[in-house]
């Protein structure tokens, strides 16, 4: 920092302010310091900074699996948002309460400044004793209050999965479908349960019988297996786009045309959904916005000098209509 200060003709304190993104530096001086940093190849020393500030500029990310597109997209979004704030990400996996305890212990060893817990890992994360010492944010937290007034003790950023599913089924009802099947996700998944609830409530509200859902495991292969068990349904709401891909192939193998014989709606709007045959009608989750907001809330808490009240925010997904749905014949 002394070398940068000398090259830029400023004080060491000014260099420190630039490194820490302080607003108390005028643009011309900031540009001169950044040019000197680039010319000299200067990078902040994380270990030294941690000793001085008590922060490692690293956040933890706890996931149950990266096999699903949603978790992979969230990992990418969180990592990008953290990098934009000058933070790194330490990734750990946890698939149950005991492994969650181990995951938090590993993050404690690394001295992370806060933790984001994704989706399927969140049901037990808040109950893990080791989590008590962290600034904690859960993405999709079962039992989370609708507002921060209930003071859950951690931040929550979530998608309204039930509302998204309700939109999907309402679209099929508007097209005249009355026998709408559901390929559900795993029974122990919070997101899957919420999407199933949205499907049920839409059918019940229309005065229709609710059939028994066919359950998959989020994979395209399980969607293919489930797609062969839809009986005489004229439409199907599928809990994610990967299973919808398998269902489309199963329907084709059974000699059924989509959407002439069966309309199909997915959930997530993954990058390839528009390239399915036919292009998939689906419910879009904004993973980038969800991940960015999760990081923003957590780091605002980490960097705050005072205690921060729990934040609870809900994102409502949007239906994207493509060629896989059509009026009932």
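Structural remarks
- Length released on extending from residue 76 to residue 3, taking residue separation times 0.36 nm less the Cα-Cα span: 22.8 nm
- Length-normalised contact order of the chain in % [C-alpha pairs under 8 Å, at least 6 apart]: 17
- Acute angle (nearest 10 degrees) that the helix 287-302 long axis makes with the longest principal axis of the chain, alpha-carbon atoms: 40
- The distance from the alpha carbon centre of the stretch 219-277 to that of the stretch 167-191 is 12 Å, rounded to a whole number.
- Convex hull volume of the C-alpha atoms in the stretch 161-285, normalised per residue: 87 Å³.
- The stretch 5-27 versus the stretch 199-218: alpha-carbon centroid distance in Å: 60
- Percent of Cα-Cα distances greater than 23 Å, calculated over the chain: 62
- Between helix 27-40 and the chain: long-axis angle, C-alpha atoms, 0 to 90°, nearest 10: 90
- Convex hull volume per residue in cubic angstrom - Cα atoms of the stretch 253-329: 104
- Using alpha-carbon coordinates, inclination of helix 241-253 to the longest axis of the chain, degrees: 30
- Within the chain, DSSP assigns beta bridges of which about 10% are antiparallel (rounded to the nearest 5).
- D (Stokes-Einstein, µm²/s), Kirkwood Cα radius, the stretch 199-268, 0.692 mPa s at 37 °C: 270
- Distance in nm between pseudo-label sites at residue 229 and residue 303 (7 Å out along the Cβ direction from Cα): 5.0
- Based on the Kirkwood approach, the hydrodynamic radius assigned to the stretch 2-44 is 9.9 Å, with every pair of different Cα atoms included.
- Value at 222 nm in deg cm²/dmol, rounded to 500, when DSSP H runs of n ≥ 4 in the chain each add -39,500 (n - 2.57): -13000 deg cm²/dmol
Values quoted throughout were computed directly from the atomic coordinates according to the rules given, and no laboratory measurement underlies them. Treat the numbers as computed from the prediction; the structure is a model and nothing was measured. Heads up, the Cβs are rebuilt from the backbone with ideal geometry, glycines too, and the neighbour counts pull from every protein chain shown.
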